[in-house]
Amino acid sequence: MRIAVMIISIVLIVFIGFQSCALSFFGGFIDEETQESGSSGIIVALLFAFVAAFALKFPKVSMVFCVLIALISFSIASGGIYEDMYVWGTISIILAVMSLFGSREFKKKTEK
């Protein structure tokens, strides 16, 4: 589970980062709020980097970052401009559950 969380997080870093950079750059042509939403998405992508970094050795820390990402994503999406954040928040909750199972697996592995 921990390896899957790490790999999925790395893929999400690339995808959300690209999408948010494009929204931040081209959103400036539309309006200022769209550009700010893109910048918030970049922060979410950077937080996914922490999820990937801690997934193998500290899965509970990874789980905490996933919950934080979900809270941030849902608050961004509730603004109505960058509604893709609902998807990233939901995926983040799924990764948090996977990290929870990964922490149990890691605990069993280290006890032996």
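Of note:
- In segment 1-39, the qualifying residues are those that are at pLDDT 85 or above and polar (S, T, N, Q), and the one that is nearest to Ile69 (Cα to Cα) is Ser9.
- Considering segment 41-63, and only residues there that are more than 11 Å from the chain's Cα centre (by Cα) and surrounded by fewer than 20 Cβ atoms within 10 Å (Cβ to Cβ), the residue that is nearest to Ser20 (Cα to Cα) turns out to be Ala53.
- Out of Ser40, Ser75, sole residue that is of a type outside the set (A, V, I, L, M, F, W, C), part of a helix (DSSP H, G or I) and in contact with a helix residue (DSSP H, G or I) (Cβ under 6 Å, 6 or more places away or on another chain): Ser40
- Per this entry, Ser75 is not counted among residues that are over 30 Å from Thr110 (Cα atoms) and buried (at least 17 other Cβ atoms within 10 Å of the Cβ).
- Every listed requirement among (1) of a type outside the set (Asp, Glu); (2) in a helix (DSSP H, G or I); (3) farther than 14 Å from Val5 by Cβ is met by Val64 save one, (3).
- Test result for Gly89, in a helix (DSSP H, G or I) and at pLDDT 85 or above: yes
- Evaluating Glu83 against the criteria (1) charged (D, E, K, R); (2) surrounded by fewer than 17 Cβ atoms within 10 Å (Cβ to Cβ); (3) at pLDDT 85 or above leaves one unmet condition, (3).
- Pairing residues of segment 29-40 that are free of Cβ contacts under 8 Å to residues at least 60 places away in the same chain with residues that are of a type in the set (S, T, N, Q) and assigned to a helix (DSSP H, G or I), at Cβ distances under 6 Å and at least 6 apart in sequence or on separate chains, gives Gln35/Ser24; Gly38/Ser20; Gly38/Ser24; Ser39/Ser24.
- Tabulated pairs, segment 69-97, first closer than 17 Å to Ser39 by Cβ, second among the charged types (D, E, K, R), C-beta under 7 angstrom, 6+ apart or interchain: Ala77/Glu83; Ile81/Glu33
- Residue that is surrounded by the fewest Cβ atoms within 10 Å (Cβ to Cβ) [pool: residues in segment 86-107 that are aliphatic (A, V, I, L, M) and closer than 22 Å to Gln19 by Cα]: Val87
- Test: residue in segment 50-68 that is aliphatic (A, V, I, L, M), in contact with a Phe, Trp or Tyr (Cβ under 7 Å, 6 or more places away or on another chain) and without any contact (Cβ under 8 Å) to a residue 12 or more places away in the chain: yes
The values are calculated or read from the model by the stated rules, or taken from the named source; none is laboratory data. Computed from a prediction, not measured in an experiment: that's the story for all the values here. Glycine gets a Cβ as well: all are built from the backbone with ideal geometry, and neighbour counts include every protein chain shown.
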